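Here is the structure we will look at, set down as structure tokens.
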Amino acid sequence: MPSRLLDLEPGAGPRGLAAYRERGGYSAARKALSSMTPADVREEVKKARLRGRGGAGFPAGIKWSFVPQEEGRPVYLCVNADEGEPGTFKDKYILGHNPHLLLEGIVIAGYAVGIHSAYVYIRGEYELIARRLEDAIVEATACGFLGADIQGTGFALDVAVHRGAGAYVCGEETALLESLEGKRGWPRLKPPFPAVVGLFSSPTVINNVETLANLPGLIRDGSAAFLALGCPQDGGTRLFGVSGAVVKPGLFELSVGASLREIIFQHAGGMLPGKMLKAVIPGGLSSPILKADEIDVAMDFDSLAASGSMLGSAGIIVIGDDTPILRVLDRIVKFYAHESCGQCTPCRLGTAWMAKLVRRLSAGEGRQGDVTELERVASMIRGRTLCPLGDAAVLPVLAVVSKFRDELETSIPPESRRA
Amino acid sequence: MSTVLSSGLKDRIAALAVRYPRKQAALLPALHWIQDENGFIAPEAERDLAALLEIKPIQVREAVAFYTMFHRRPMGRYHVQVCDNLSCDIRGGATVLARLQERLGIGPGETTADGKFTLTTVECLGACEKAPCLMINFDYHGSLDPDRVDRLLESLE
Amino acid sequence: MVRLCIDGRPVEAPEGTTVLQASKSAGIRIPHFCHHPAFPPEGSCRICLVAIEGLPKLELACSTVVREGMKVTTECANVRAARRAVLEFLLAEHPLDCPICDKAGDCKLQDYSQEHGLTENAFSEIKEKRAKLVPIGDKLLLDRERCILCSRCVRFLTRVTGTRELGIFRRGIMAEVDLYEGEPIRNNYSGNLADVCPVGAITDVEFRFRTRPWFLQEKPTLCPLCSRGCNLWADYHPGFPRVADSAGIFRFRPRPNEAVNGHWICDIGRYGAMALVRNRVREIQWTNRGPRGFPNWEKALAFGAAGIHELRQSGRIGQAALLLSARLTAEELYLARKIFVDGLGFVRIAFTDPAEGPDDAILLRRERAPNARGARMLGFDTKAGLSAAVSGASTLWIFGAGPAGLDSLRDAPGPLQQAAGVKILIAAHPTGLEPLVDVVLPAASVFEKGGTYVNTDGLVQAFEPVHPPCGEARPEWRILLDLGAALGLPGEIFKGPADLISVSRALRIEHPEFLGEVG
């Protein structure tokens, strides 16, 4: 299994420009810039079926095609390095350990779409990584891999790092744009879509760090090879992050479509001693939970969707039998209540309602009918919010209730009555 | 602890602001610089910043109040931010938090009397592979347990 | 035009309109909180969700643009469930304040909850406690528990006044509307915030606890405080039987008119109009220089007519002064001209109106009277010098636009005191000149009479009385008709029935420009 993105020795520090170039770095960008047209690059990316690695999984090639090809307004690229989805830590490694891979991907994307200005919106907590990224940008620019005349091809692109400040909602693309413009992270109504009206009202592409980091390999090896690494609708590899009750939590680069069971029990070393697998959240906290007998599933978008969950950010959280499911539910609803931006009614009120209800359950003050009520409230939010955070709050709750109802009901004193 | 912007900071912010098509876009980066230099964001700083970015102070306050990393009161010298999200919780995050509370004598949201430590709980820090973890100012510390918490506290001067 | 189908009905709407706008023009009501016709779609309340054939999820009516052949359903189980959900969510954290909330009866949250059968609140957690009596302006209070975060107030202060006194701080359920460092809202449009708030979160201190909206009838009228002629709704209480002083206007609100004031009115108008309502001259008064006996209209008019007659006989009409006001209607100014200029030959004529003030870029105009343009159309010089008219005059007929407007006479009453002849003041509101004249005749206020004003842009606006004159007051057009008759002036108008329609008609026959918009 070629280790394409991480590509580092255990214990090695960040890969500087010299080391990056030694391993063929920035040659894919040169290939794109000098021997391909932008349309060629876009076509390759489409054929490779590169799907967004931020969570939504939208095909990158199709997203790029929404940008109107017109003169006049600058087109921007925003790199989504907000990485707020709990259970997700992959972009941190790309940014911190192989920043030039991202920068090269940015150049390729910029060339493909006609972008000369890119912002990396990086979560504020990644301050130390942001500084490394800034250093890498300075380095790359000094050597002509970014800036006015990239590798002598005449293509120009500048990259700036822009820090967030602690808001999960700013991982949503339009909230990211608002935040970048210096406002609260309140998502925008769509349409218009960012590809047409985005940053500073200009056409904008927003791509996840890992999505862009795939581009050098994709261009270097071609779309067919990229696609072959994955599965027919979903090309390439993914950085699967495993955390929770496993022996070797960490990041594993594997083909799209790798088996969840194998990831947990082979790569991540299986359960910690004395613990049995109870449940797995496969794609970051927003993805519906899977029971222990549901982990024989291929980790690609379509297979997980068919099982009623989602690949999302491929953040795999492994839950052992020593963790009460009520605790899992409690952490989920608390998170979304904290992170709801407050703009729209169902999410603002609904996430708080769910959090208050579950907090009462956790305090032992549950009442008969509470679990049904929780389901009812979640269903009232679903599909009606201004941005996907609403559904992200709801689908995991509905899945936990649906699959672990009995255990939840045991937390309610049997003699209690509905208020 | 200053409440206003030093002239050096004003120059840096002004220089940053013109690099965006709209000056307001420099708001979050500028707030980080202000908090870095002053320790917190005071109303006077909000007014100074608003003038530099040609917006109203209330728009600065909206950002300060929305984003959890900005503080309107000084934090302790070490801002201990403990993740209490799921992966850290599964790996014993609650015990880590309890030990910190015990050792520091403060609860989440509080600062020690000598101003050395502020303790808060935060959402996922993106270091789940090293759960349970926390962030002190901008430094991550992972794979914690009560003993390691003790040693960590001792190492902080 | 786009042809679409709403609830099975064919509807035509211009390109670019939203489903909400198209529904409204077809008479179909779609509930909404955050939408306001003056602002672009906000999309945050989520109650305007409707079903559109072919789309898997419900869509917002406020922001979805109509397309040819679109099939919209605004009433079906799905849509009702979505609306109920929004209402349940809002009620979850909403205080049960209706018994003490001014908005009750006028409240969209209350109305929609009723319509959707939400009489009980399923929320059984603990509600957030928030501040309930936050002064945010001289006339405004904010109740944060009632606030539904529709952001209309914030958007008003951003888009209309640009002053941004309010912002939204924090996020999620903790998000709240607030001032910056307590700096209150002190712009000339703050009163609109209480109108714009769909619930009782922002309330007006002047209206607070005074009455209930269901007692009030909204009647159209115009604002007389400047030459913009903003359209108003006067909320009028017809009064309780046998309860003294229970009838009257309780509040003014903007009456939307795209050609004049959009959706707003300014505070000078809103609160100035209420001050006019509260400060009235209601009774005929005269000093011992006036007629004998108990004051009544007949004696007063006879006295005034006699005074004029005497001047005419002695050829001293040149010493008679007429002070008019641009708050008089076109009909009244027309009669005044007929009597005093054409009929009697007065030469000393000037206008008393409040001094000009700065205009703002929104609604307020420099001229602080509603009909200066109308007066000029009738041949009057509204800028003629007041002191030139009054100095050396012996008889004065003063039509006063109180409270302001006669400041120079009130503050330097010399010429008035020296006038030896009859001095008659006809005013609806106290002017401060009462001790200096012989007879005070109570005129109807702008809201107690009908007539026509021409605004600064030349728009002719006719209006009707909100309620009959109070006390002994009469509209100036009636006073003038009676005076003309008492003077025996020629003219059909003084012989016919004393009604406003005859005067309006006569005005428009002689001056067709008052039939429509001018220039």
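Here B:Ala50, B:Ala63, B:Ala45 are screened, and the one residue that is crowded, with 22+ Cβ neighbours inside 10 Å, within 13 Å of chain A (Cβ to nearest Cβ) and small (Gly, Ala, Ser) is B:Ala63. Among the numbered conditions (1) at pLDDT 95 or above; (2) in a loop (DSSP other than H, G, I, E, B); (3) surrounded by fewer than 21 Cβ atoms within 10 Å (Cβ to Cβ), the only one that C:Leu96 does not meet is (1). Residues in the stretch C:55-77 that are hydrophobic (A, V, I, L, M, F, W, C) and under 12 Å from C:Thr18 (Cα atoms): C:Leu60, C:Ala61, C:Cys62, C:Val65, C:Val66, C:Met70, C:Val72. On the basis of being assigned to a loop (DSSP other than H, G, I, E, B) and within 13 Å of another protein chain (Cβ to nearest Cβ), does C:Thr158 make the cut? Spelling it out, it is not the case that C:Thr158 is assigned to a loop (DSSP other than H, G, I, E, B) and within 13 Å of another protein chain (Cβ to nearest Cβ).
Scanning the stretch C:172-193 for residues that are aliphatic (A, V, I, L, M), more than 14 Å from chain A (Cβ to nearest Cβ) and either in a loop (DSSP other than H, G, I, E, B) or closer than 22 Å to C:Lys129 by Cα (or both) yields one hit, C:Leu179. Against the numbered list (1) farther than 21 Å from B:Ala131 by Cα; (2) within 14 Å of chain C (Cβ to nearest Cβ); (3) crowded, with 23+ Cβ neighbours inside 10 Å; (4) not basic (Lys, Arg), A:Met299 comes up short only at (2). Within the set A:Leu285, A:Leu329, A:Leu304, the sole residue that is away from chain C (no Cβ under 14 Å), more than 18 Å from the chain's Cα centre (by Cα) and not hydroxyl-bearing (Ser, Thr, Tyr) turns out to be A:Leu329.
Taking every residue in the stretch A:370-392 that is more than 24 Å from A:Glu415 (Cβ to Cβ) and pairing it with any residue that is basic (Lys, Arg) and buried (at least 24 other Cβ atoms within 10 Å of the Cβ), at least 6 positions away or on another chain, the pairs with Cβ-Cβ distances below 9 Å are A:Arg384/C:Arg46; A:Thr385/C:Arg46; A:Leu386/C:Arg46; A:Gly390/A:Arg384.
Among the criteria (1) among the aliphatic types (A, V, I, L, M); (2) within 9 Å of chain A (Cβ to nearest Cβ); (3) assigned to a helix (DSSP H, G or I), the one B:Val149 does not fulfil is (2).
How many of the residues making up the stretch C:60-78 are part of a helix (DSSP H, G or I) and either under 30 Å from C:Lys129 (Cβ atoms) or within 11 Å of chain A (Cβ to nearest Cβ) (or both)? Number satisfying all stated conditions: 1. Restricted to the stretch A:225-278, and to residues there that are touching a residue at least 12 places away in the same chain (Cβ under 8 Å) and of a type in the set (D, E, K, R), the residue that is surrounded by the most Cβ atoms within 10 Å (Cβ to Cβ) is A:Arg238.
Here A:Arg131 passes the criteria (1) more than 25 Å from A:Gly185 (Cα to Cα); (2) free of Cβ contacts under 8 Å to residues at least 24 places away in the same chain; (3) assigned to a helix (DSSP H, G or I); (4) not aromatic (Phe, Trp, Tyr) except the one numbered (1). For the stretch C:485-516, filtering for residues that are free of Cβ contacts under 8 Å to residues at least 40 places away in the same chain, under 29 Å from the mean Cα position of the chain (by Cα), surrounded by 11 or more Cβ atoms within 10 Å (Cβ to Cβ) and outside any loop (DSSP other than H, G, I, E, B) leaves 3.
Results for (1) of a type outside the set (Val, Ile, Thr); (2) out of contact with any strand residue (DSSP E or B) (no Cβ under 9 Å at 6 or more places or on another chain); (3) at pLDDT 95 or above, shown as yes or no for each residue.
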site	(1), (2), (3)
A:Gly72	yes, yes, no
A:Glu83	yes, no, yes
A:Phe89	yes, no, yes
A:Tyr93	yes, no, no
A:Val107	no, no, yes
A:Tyr111	yes, no, yes
A:His116	yes, no, yes
A:Leu128	yes, no, yes
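A:Arg184 falls short on exactly one of the conditions (1) facing chain B (nearest Cβ under 9 Å); (2) among the charged types (D, E, K, R); (3) surrounded by fewer than 23 Cβ atoms within 10 Å (Cβ to Cβ), and that condition is (3).
Comparison of A:Lys46, A:Lys63 shows that the only residue that is in the same structural domain as A:Leu180 (by TED's automatic domain parsing), touching a Ser or Thr at 6+ places or on another chain (Cβ under 9 Å) and outside any loop (DSSP other than H, G, I, E, B) is A:Lys46. Residues of the stretch B:105-128 that are away from chain A (no Cβ under 13 Å), surrounded by fewer than 21 Cβ atoms within 10 Å (Cβ to Cβ) and not in a loop (DSSP other than H, G, I, E, B): B:Glu110, B:Thr111. In this structure, A:Ala19 does not satisfy being touching a residue at least 24 places away in the same chain (Cβ under 8 Å) and either assigned to a helix (DSSP H, G or I) or in the same structural domain as A:His267 (by TED's automatic domain parsing) (or both).
Of all residues in the stretch A:134-172, those satisfying the criterion of being in contact with a helix residue (DSSP H, G or I) (Cβ under 7 Å, 6 or more places away or on another chain), within 14 Å of chain B (Cβ to nearest Cβ) and assigned to a strand (DSSP E or B) are A:Val159, A:Val161, A:His162, A:Arg163. Residue-level check: of (1) more than 13 Å from every other protein chain (Cβ to nearest Cβ); (2) under 17 Å from A:Cys78 (Cα atoms); (3) out of contact with any strand residue (DSSP E or B) (no Cβ under 7 Å at 6 or more places or on another chain), A:Pro194 misses just (3). How many residues, within the stretch A:362-419, are away from chain C (no Cβ under 14 Å), out of contact with any helix residue (DSSP H, G or I) (no Cβ under 7 Å at 6 or more places or on another chain) and assigned to a loop (DSSP other than H, G, I, E, B)? So the answer is 5. Hey, any hits in the stretch C:73-85 for a residue that's out of contact with any helix residue (DSSP H, G or I) (no Cβ under 8 Å at 6 or more places or on another chain), touching a residue at least 60 places away in the same chain (Cβ under 8 Å) and within 21 Å of C:Glu176 (Cα to Cα)? No, the stretch C:73-85 contains no residue that is out of contact with any helix residue (DSSP H, G or I) (no Cβ under 8 Å at 6 or more places or on another chain), touching a residue at least 60 places away in the same chain (Cβ under 8 Å) and within 21 Å of C:Glu176 (Cα to Cα). One residue stands out among those in the stretch B:20-34 that are within 7 Å of chain A (Cβ to nearest Cβ) and outside any helix (DSSP H, G or I): the one that is farthest from B:Met69 (Cα to Cα), which is B:Pro21. Number of residues in the stretch C:38-59 that are surrounded by fewer than 17 Cβ atoms within 10 Å (Cβ to Cβ), within 33 Å of the chain's Cα centre (by Cα) and either at the interface with chain A (Cβ under 8 Å from one of its Cβ atoms) or farther than 24 Å from C:Asp195 by Cα (or both) equals 0. Scanning the stretch A:279-291 for residues that are touching a residue at least 40 places away in the same chain (Cβ under 8 Å) and assigned to a loop (DSSP other than H, G, I, E, B) yields A:Gly283, A:Gly284, A:Leu285, A:Ser286, A:Ser287, A:Pro288, A:Ile289.
The values are calculated or read from the model by the stated rules, or taken from the named source; none is laboratory data. Given the structure is predicted, the values throughout are model-derived calculations rather than measurements. Positions of Cβ are generated from backbone atoms using ideal geometry, with glycine treated the same way; all protein chains shown enter the neighbour counts.
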